[in-house]
1. Looking at A99, A88, A109, which one is assigned to a helix (DSSP H, G or I), over 17 Å from the mean Cα position of the chain (by Cα) and at pLDDT 95 or above?
2. State the number of residues belonging to region 32-49 that are more than 16 Å from ligand 2 (Cβ to nearest atom) and either part of a loop (DSSP other than H, G, I, E, B) or on the phi > 0 side of the Ramachandran plot (or both).
3. Within region 5-25, which residues are more than 16 Å from ligand 2 (Cβ to nearest atom), surrounded by 14 or more Cβ atoms within 10 Å (Cβ to Cβ) and aliphatic (A, V, I, L, M)?
4. Among the listed residues D28, D71, which satisfies the condition of being buried (at least 16 other Cβ atoms within 10 Å of the Cβ) and among the acidic types (D, E)?
5. Looking at L46, L59, which is the one that is of a type in the set (A, V, I, L, M, F, W, C) and within 28 Å of I111 (Cβ to Cβ)?
6. Out of curiosity, is G155 on the phi > 0 side of the Ramachandran plot, at pLDDT 95 or above, in contact with an Asp or Glu (Cβ under 8 Å, 6 or more places away or on another chain) and buried (at least 17 other Cβ atoms within 10 Å of the Cβ)?
7. State which residue pairs qualify: first residue more than 15 Å from A124 (Cα to Cα) and modelled with pLDDT of 95 or more and inside region 67-81, second residue of a type in the set (V, I, T) and away from ligand 1 (no atom under 11 Å from the Cβ) in any location, beta carbons under 6 Å apart, and separation of 6 or more residues or different chains.
8. May I ask you to list the residues in region 27-43 that are more than 30 Å from L108 (Cβ to Cβ), more than 10 Å from ligand 1 (Cβ to nearest atom) and not hydrophobic (A, V, I, L, M, F, W, C)?
Amino acid sequence: KRLILATRNAHKVRELEAILASAGLDVDLVGADAYPEVPDIKETGLTFAENALLKARTLAQATGVPAVADDSGLCVDVLGGAPGIFSARWSGRHGDDKANLELLLAQLADIDHPHRTAHFACAAALALPDGTERVVEGRLPGTLRHEPSGTGGFGYDPILQPDGDTRTCAELSPEEKNAISHRGHAFRALAPVIRELLG
Ligand code: ITT
Ligand code: NA
């Protein structure tokens with residue numbers, strides 16, 4: 001059974017492959033890059049769930065193959081949930097993790113503990129070519145450091161310290177991050193749904 005990972009973010013692909021494999025899914029995962037004819041998808045949704053469904057639906061409809069998508073981001077309490085769905089382009093440059101992180105740190109420079117609370121959020125969506133759709137969400141709560149630390153992961157990982165840990169997400173091993181992450185929680189919840197709907 002084939003399943004397309006409807007993401008062009010290589011970091012997500014790596015994490016999703018590990019998460020879905022550890023959930024025991026017996027599927028043949030294919031990257032979205034295997035379908036270059038599918039146009040880039042405009043993320044016009046107002047929520048992580050809407051955007052994840054949009055990405056999965058577009059791939060499934062265009063290819064006739066079931067697809068899963070991830071829409072995710074960092075929600076900072078003192079910023080009313082921003083960057084949120086704009087996390088990948090907070091600096092104005094889509095996918096420029098360094099610029100996005102530096103701008104956010106500058107915006108929070110004068111904010112001290114205990115006001116630096118935030119969470120990563122992930123919506124995991126499954127879409128079948130017949131129009132069947134499911135979406136589930138996961139979260140990873142923590143606090144934001146004043147300086148980046150660690151070289152693992154991607155995006156805002158070097159500044160988010162998960163609740164209950166003294167390290168940032170970028171200082172965790174991939175297995176440690178997947179065990180507690182927003183993406184791990186969301187896709188482990190979606191795995192049995194994928195198993196059931198793909199038959
Ligand atoms: P696709 O839409 O192709 O999947 P994308 O990178 O554009 O790729 P999103 O729109 O979902 O994906 O944006 C996700 C952004 O949120 C990502 O660029 C990071 O800045 C941030 N993010 C998401 N998950 C993260 C994680 O596990 N660790 C750190 N930052 C994360
Ligand atoms: Na997005």
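The values are calculated or read from the model by the stated rules, or taken from the named source; none is laboratory data. What you are looking at is a predicted structure, and each value in this text was computed from that prediction instead of being measured. Backbone-built Cβ (ideal geometry, glycine too); neighbour counts: all protein chains shown.
1. A99 is the lone residue from the list that is assigned to a helix (DSSP H, G or I), over 17 Å from the mean Cα position of the chain (by Cα) and at pLDDT 95 or above.
2. 5
3. A18, I19, L20, A23, L25 - these are the residues of region 5-25 that are more than 16 Å from ligand 2 (Cβ to nearest atom), surrounded by 14 or more Cβ atoms within 10 Å (Cβ to Cβ) and aliphatic (A, V, I, L, M).
4. That would be D71, the only listed residue that is buried (at least 16 other Cβ atoms within 10 Å of the Cβ) and among the acidic types (D, E).
5. On the way: L59 fails: within 28 Å of I111 (Cβ to Cβ).
Result: L46 is the single residue among L46, L59 that is of a type in the set (A, V, I, L, M, F, W, C) and within 28 Å of I111 (Cβ to Cβ).
6. Numbers: on the phi > 0 side of the Ramachandran plot: yes; at pLDDT 95 or above: yes; in contact with an Asp or Glu (Cβ under 8 Å, 6 or more places away or on another chain): yes; buried (at least 17 other Cβ atoms within 10 Å of the Cβ): yes.
Against the criterion (on the phi > 0 side of the Ramachandran plot, at pLDDT 95 or above, in contact with an Asp or Glu (Cβ under 8 Å, 6 or more places away or on another chain) and buried (at least 17 other Cβ atoms within 10 Å of the Cβ)), G155 qualifies.
7. Correct list of pairs: D77/T117; V78/I111.
8. D28, G31, D33, Y35, P36, E37, P39
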